[in-house]
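These notes concern the structure reproduced below.
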Amino acid sequence: MGEGAAGQRPGTLVPGGVVGDGRYRLLAEFGLDERVDAHLWRGQDNQLRRDVALTLLVGDPANATAANGARRVLERTMHAARITHPGTSRVLDVLGPGNGIGRDEGLLGIVVADWSQGTDLVDLIAEHPLPPATAARLLEPLAAAVELAHHSGMVLGVDHPQRIRVTPDGTLRLSFPGPLPEATLQDDVRGLGAILYLLLTGRWPLRNAPALPHAPLAPDGQVVPPRALFGYIPYELSSAAVRSLADDATGGIRTSAGLLRVLERAKQNEDATQAIAAIPPDDDEGVEDDDGTVWTTRRPANDRAKRRKLAIGVTVLAVATVGVLAWVGMELISFFGDSSPTSGGPTVVATAPGSAGGNSGSAAPKPPQPGTPIQAAGVEVFNTKGTPDNPRKANRAVDGDQKTSWKTDKYQQPFPALKPGVGIMASFAESVPFAEVVIDSPSSGTVVEVRTAPSEKPALEETKVIGRATLQAGQTKLQLDTAEPTQHLLVWITTLGDGNVSELTEIGFVRAQ
C-alpha cells in the first residue's frame, strides 16, 4: 500500500507485515469496507501461535473526524463483544493508538477476533445463487445472533458482504466485527435482507457492493424482487428480502425477529419435505446412537400390516376410479362427436389474434405449452387520458394474494366515451418472450388486450396487441402470439364489466419455453 493510503506507512499492510506493536502478522487480505477504511485480514497471533481475524481501521490519528469515528467503532465493538452466539465470531481484543498500536503504524484501531474457518460469502455465490431453502438455512444463525444483540440494544454491523464468512457446518457468521459509528438496529435488519437477496440472486442490493453485481432496479427505483429474477423463489422469501431493505414508511420489516420467523418457516417447510422423502422402507433396522440409545423407524408388525393392506386397498380403488372416469370420458367424446364445447367452467382459454380457431376436418391444434411463471418487477396503472384509476393499488393485481385486487374507477358511460381504456403496465427485470397471461377476475364481460410495449410509459399507438379475450368470472388464460422478447407488457381494458367497472384479482405472466 502506498504512502497516500490514509497515512499508512508504505509496505505495512502487505502479507508478512506486522501490526499491533509486532504481535500480529498479516497473512492474507479478505476485504475492504471503504465506509470506515476498514481492511479485513487473516493474521497470526505471534504470541499464541493461532490465526485471527483482524479488522484494521486505517487513518491518520491527527484527523479528528476519522479518529472519533474509529473510536466509536471500537466502543461499539467492545459492547457487542458481550454477545456469545455461533452467528458471530468471538472478539479477542480491541486495540487503539497508544493501547497496543504503535504511533507510526498509520492505524486508528484494530479489532481482533477468532478466525472463522470456511469460505467467503462472496466466493460462495460467485458461480450461481443458492436454492431458497439453503439460503434460509445459512442465514438463520446470523439472523438469530442479530436478534440476540438487538434484545440488548446492541448493533452487530452485518451490512457488508465481505465481513461475513460461511463456516464448515454451513452457517453464516459475522467474522470481522466492527459496527459503523452511526449504524442502527434497522441497518442490521437491512443488512440481513441484503444478504438474503445476495444468496437468492447472486446480486447485492445495497450501495456498498465491492466486487459484486448490483441488484437491478424497478421503474420506481426500488430493487427488483428476487422472484422476478428467478421464478422458483418462494414469494414469502422474495418479499421478506425486499421488505427488509425498505424503510418502515413503505411497509418494511422493522425487526430481525420478523425476518427470523420467515427463515424458520422456510426451513421447517424444507425439513418437512425432506422428512417425507426420507421415510425408510419397513425393513430398516434400528440405529444405535453415540450414547447407546437405539433409534428405529420400524413400525410394530401389526401396524405395518394394517397400513400395507390399507395402501393396497386405496391403490386398487384409485385404479378402478380412474378406469371408470376414462370410460365415461370416452363415451362422452363419442356421443358429442364434433360438437363445440360450451364454456361453463371457471377457466376460459382465449387464443391469440390471428390464430386458427375453426375446425377444418383435422384434429384441433394443441394449445402451446407454457413455460415458467415470472413475476413482474414493477407494475403501475397505464392511463392515456384523465387521471389514473386507483394507482396506489396497482400492485395488488400481482401480489399473489387472492384476497386483494385492483379496480378501475366506476364510469358513468362505457369506454370509449371518456377514455379509450385503462390498464396495468407490468415491467420485468429483463426482456423475455411470453406464452400466456392468466387473469383472475370476478368482472365477467370485461374485454382485455395484452400488448407489448417499448417502455413503461409509451404512447398507446407504440404498443402491439398479442392477445385478446373477454373475461368470465374466474380465471381466463390468454394464449399469446409468438412475439419478440419484451420487458414491458400491458394488460389493457377496452370494455368494462357490469356497472362500467372492472376488477382484476390477480394477473399471472408465463414466459415461453
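The values are calculated or read from the model by the stated rules, or taken from the named source; none is laboratory data. Note that the structure is predicted; figures quoted are calculated from it, not measured. Note: ideal-geometry Cβ built from the backbone for every residue, glycine included; neighbour counts use all protein chains shown. Ligands, DNA and RNA are stripped out before the accessible areas are found, and what is left, the full protein with its side chains, is counted by its heavy atoms. Shrake-Rupley method; radii C 1.70, N 1.55, O 1.52, S 1.80 Å.
Summary of computed values
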| read-out | value |
| --- | --- |
| Nitroxide proxy distance, nm - points 7 Å out along Cα→Cβ at Asn46 and Lys419 | 7.4 |
| Theoretical gain in end-to-end length, Asp409 to Asp104 [0.36 nm per residue, Cα-Cα removed] | 102.7 nm |
| Whether region 447-513 is rounded, prolate or oblate, judged on the alpha carbon gyration tensor where a/c under 1.5 counts as rounded | oblate |
| Potential lengthening between Lys464 and Thr384 on full extension [0.36 nm per residue; Cα-Cα distance subtracted] | 27.3 nm |
| Cβ-derived FRET efficiency at R0 25 Å, Thr65 paired with Ser455, nearest 0.05 | 0.05 |
| Cα gyration tensor shape for region 120-277, rounded if a/c is under 1.5, else prolate or oblate | rounded |
| Alpha-carbon centroids, region 68-123 and region 145-164: separation in whole Å | 14 |
| When each of Lys267/Lys457; Lys267/Lys407; Lys407/Lys457; Lys267/Lys477 is checked by Cα-Cα distance, pairs over 32 Å | Lys267/Lys457; Lys267/Lys407; Lys267/Lys477 |
| Using a Förster distance of 60 Å, the FRET efficiency for Arg392-Leu92 (Cβ separation, nearest 0.05) | 0.70 |
| Charge context of Arg23, other residues only, Cβ under 14 angstrom, K/R +1, D/E -1 | -2 |
| 3J(HN,Hα) from dihedral phi, region 489-500, Karplus parametrisation 6.51/-1.76/1.60, rounded to Hz, x for glycine, proline | 10, 10, 9, 10, 8, 9, 9, 7, x, 4, x, 6 |
| For region 446-513: accessible area per residue (Å², 1.4 Å) | 41 |
| Contour minus Cα-Cα distance for Glu127 and Asp220 (0.36 nm per residue) | 30.5 nm |
| Cβ-defined net charge surrounding Ala211, 15 Å radius [Lys, Arg +1; Asp, Glu -1] | -3 |
| Accessible area, probe 1.4 Å, largest first, for residues Met154, Met78 | Met78, Met154 |
| Net charge over other residues, Cβ less than 12 angstrom from the Cβ of Pro485 (K, R count +1; D, E count -1) | -1 |
| Probe 1.4 Å, protein heavy atoms only - accessible area per residue of region 53-106 in square angstrom | 50 |
| Zone of Ser152's modelled label, taken as backbone nitrogen in region 56-99 under 19 Å from a point 7 Å along Cα→Cβ | 72-95 |
| In nm, spacing of pseudo-spin labels at Tyr235 and Thr84 (7 Å Cα→C-beta vector) | 4.4 |
